[in-house]
Amino acid sequence: MKTFIDKILVQPLQEVFQKLAAFVPSLLTGIVVFAAGLVLAWLVKLLVVRISKILKIDAACTRSGVTEALQKMAVKDSPAKLVGRMFFWLISLIFFVLALSVMRVPVIDQLLERFLLYLPNIFVALVVLAIGWFLGNFLGRAALIASVNAGLKAAGPLSKGIKGAVLLFAFVMAFEQLGIGRSTVIAAFTIVFGGAVLALALAFGLGGTDLARSFLEKRFKKPGDSGQGDGLRHL
Amino acid sequence: MSPGGLRPSIFVARPGHRPYNGLAEYASEVMLGNTANPIGISQAKIADLKNVDIVVGIPSYNNARTIGHVVRAVEAGLTKYFPGRRSVLVNSDGGSSDGTTDVVRAASTDFDSVMLDHRIGGFHKLVTPYHGVPGKGSAFRTIFEIAQKLEAKACAVVDSDLRSITPEWVELLIKPVLDEGYDYVSPCYMRHKYDGTITNTIVYPLTRALYGKRIRQPIGGDFGFSGRLASFYLTKDVWASDVARFGIDIWMTTTAVANRFKICQAFLGAKIHDAKDPAADLSAMLHQVVGSVFDLMEDYAEIWRTIRKSEPVATFGFVYSVGLEPIKVDLEKMIEKFRMGVRELAPFYRSFLPEDVLAFLSDLAAQPNRGAFVYPDAEWVRTIIHFALACHWKLVSREHILKSLTPLYLGKVASFVIETWESSAEEVELRLEGLCRSFERQKGYLIERWDGKA
């Protein structure tokens, strides 16, 4: 009986305690590493916020519309603080990963490896979204100004449509980069985008034949005409 | 053959290239018109021409219809008013495909019908393509270079599409330089009261307030200048920039004024030409012209900041009125474009226009009564100042800033037309004087914000 209890209970417990005893130092080391990382992250955050203020990042973001966009997303922090916070979490994450690797648990090591290999995809997706956002804003604004100057009544919707199309394209590319629902997203995008283009072509080409003709005549008429419907010479 | 037995010498650049066996062969190839290098042609021709007094340049690109008249007028002007002076006409061509250069070579004046007494003069024609960035500025650069090499004392440039040019234009552009010691002669035209609205509402008053000289047509297109000033122009490194493409006129005027050359104006009468605006598109025109003015503000900030008031410049020529064709103005369309611009572009304007200007624009756009549609000078000046500041501080895309000025400009023009519809040309000129004074009064406002102190 005693041997049975030893075998079933005592020995496994002893093994667990031994493993725990072997693991505890690694755990403590990991905790220390992570704590050090948090302290370092906090210091880097302070430094980055200070540098951002010296470089006037806040003013630049206000001018370019980034601050306004963030406020629309209910982000109340200034861009400088946001950048500082990003660095804080980035360094914290790095030290968290380091702390986990110090513990030397095989399953955790494998998960970490897959996560680290996936990180560049996240980074690229964020870059694609950022570029898409800036490009969408720029092209939307260019379309708005051009269509207002041309006197098009649908200037606002046209501009929003172009901005939306660019952002949609950026989102699709980001999802593709992340490998999320690749074929579904691409198929959906192709259907929607292709359908919209086809619809516009049919509407304009078939339904607006006369309008298209008069539009082209107005657009390509001789430069001698002012295009403003009057005889003003502006130079 | 012109009176006095002098035959114009004409040299033509042709494609093709082979090496020359010494200068003699090169010179004979030049005489036969078989050389490949147009600059080399100029070099050979210049070697023959020494102590040239006057260079008149005509930049051209596909102007066969009109350039013949211009050449004849210049030739008659040089022969009539500057007999005994050595003169060269330079046609700087941008690769015309309609036979422009052939027209230049063939153009000659029947002096018997133009003048009662025969004059003897030295007149040469030089036809050369220009190189560099396509545009009027590159054509002018070639003319400046030739004038420098020929050590010309006085120069003039005239547009190749002028229909109203007379021989007297040559006298008026050259004589102040040759006889009175001026360095720069700006043109002054008799125009319809609603002609040149970009010049009247922006370029003239702004340039006057900035640089202190009341030059009425700073982007006239036909100028006189000294050889000294031509050489000075060549020292500037602008020939790969927008100056070479479309900003040469305002650049020449501003550079001469800002560098304290002796400036005057010459009244030339009506300017009638084949209307070839930089672009038929108004927003492109504003982008180019106003953009050039704003760029020059960056270059000469240290100079215009110190100037506090403007002064008139000497004007040569007999000022007279001419009957001008009435102009049709579509006020409804302009006001509608203004309203649409303010409505749709308000979020964009908010990134660089102050709240009080935005509030004024919104109120004006909501004004239903056409008679009460008034864009006061003070508000217009502040609008232009903030557009200049937006470009200076690079708040957003420069092209977007300049093109978004279009609806506001149309609003100002509409307001101006409504206000002066019953006014004579003289009354409109007085009204513009008020606008200029408004620009001058608010210069301090501009300077404070330019330096970032407000």
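The numbers here are math on the coordinates, done by the rules we state, and not lab data. Note that the coordinates shown come from a computational prediction; the quantities given were computed from them, not determined experimentally. Glycine also receives a Cβ, built like all others from the backbone with ideal geometry; neighbour counts cover every protein chain displayed.
Tell me which trypsin sites (Lys or Arg not before Pro) from segment B:218-291 have a DSSP coil assignment and no more than 11 other beta carbons within 10 Å of their own. Listed in order of number, the matching sites are B:260. When all alpha carbon pairs of segment A:63-121 are counted in 5 Å bins from zero, the resulting P(r) reads 4, 15, 17, 16, 12, 12, 11, 8, 4, 1 %. Relative to the longest principal axis of the Cα atoms of chain A, the long axis of helix A:79-103 lies at roughly 30 degrees. Estimated at 0.36 nm per residue, the fully extended path between residue A:131 and residue A:168 surpasses their Cα-Cα distance by 12.1 nm. Going from the residue with the fewest nearby Cβ atoms within 10 Å to the one with the most, B:285, B:297, A:1, A:86 rank A:1, A:86, B:285, B:297. For segment A:1-104, the alpha carbon convex hull comes to 119 Å³ per residue, rounded to a whole number. Spatial offset of segment B:57-95 relative to segment A:125-142 amounts to 52 Å, using the alpha carbon center of each. Each of A:190, B:142 has some number of other Cβ atoms within 10 Å of its Cβ, and from fewest to most they run A:190, B:142. Cross-link reach is defined here as a Cα-Cα straight distance under 14 Å, omitting same-chain residues fewer than 8 places apart; for residue A:160 the aspartates and glutamates meeting it are B:344.
Exceedance of the 18 Å cut-off in Cα-Cα distance is limited, within the set B:271/B:403; B:125/B:149; A:56/B:394; B:328/B:403; A:218/B:403, to B:271/B:403; B:328/B:403; A:218/B:403. Shielding by partners for peptide B:196-209, expressed as the average number of C-beta atoms from other protein chains within 10 Å of each residue's C-beta, is 1.
Using all pairs of distinct alpha-carbon atoms, the Kirkwood hydrodynamic radius of segment A:116-159 works out to 12.1 angstrom.
Of all lysines in the structure, those lying under 18 Å Cα to Cα from residue A:19, and not within fewer than 8 positions of it along the same chain, are A:7. Note on chain A: with a GNM built from Cα contacts shorter than 10 Å, the maximum mean-square fluctuation among A:203, A:125, A:146 falls on A:203. In whole angstrom, how far apart do the alpha carbon centroids of segment B:228-298 and segment A:7-62 sit? When both Cα centres are located, 64 Å separates them.
Take chain A, mark every one of the trypsin sites (Lys or Arg not before Pro) that falls in a DSSP loop and has at most 13 other Cβ within 10 Å, then report the longest stretch left between them, sites excluded. In short, A:154-220. Rounded to two decimals, the Cα-based Rg/Rh of the protein assembly as shown, with Kirkwood Rh, is 1.14.
Within 10 Å of the Cβ of each residue in B:372-381, the mean number of Cβ atoms contributed by other protein chains is 0. Given segment B:270-429, report the % of alpha carbon pairs whose separation exceeds 19 Å. The answer is 64 percent, as a whole percent. Each part gets one Cα centre, and for segment A:103-117 versus segment B:333-377 those centres are 61 Å apart.
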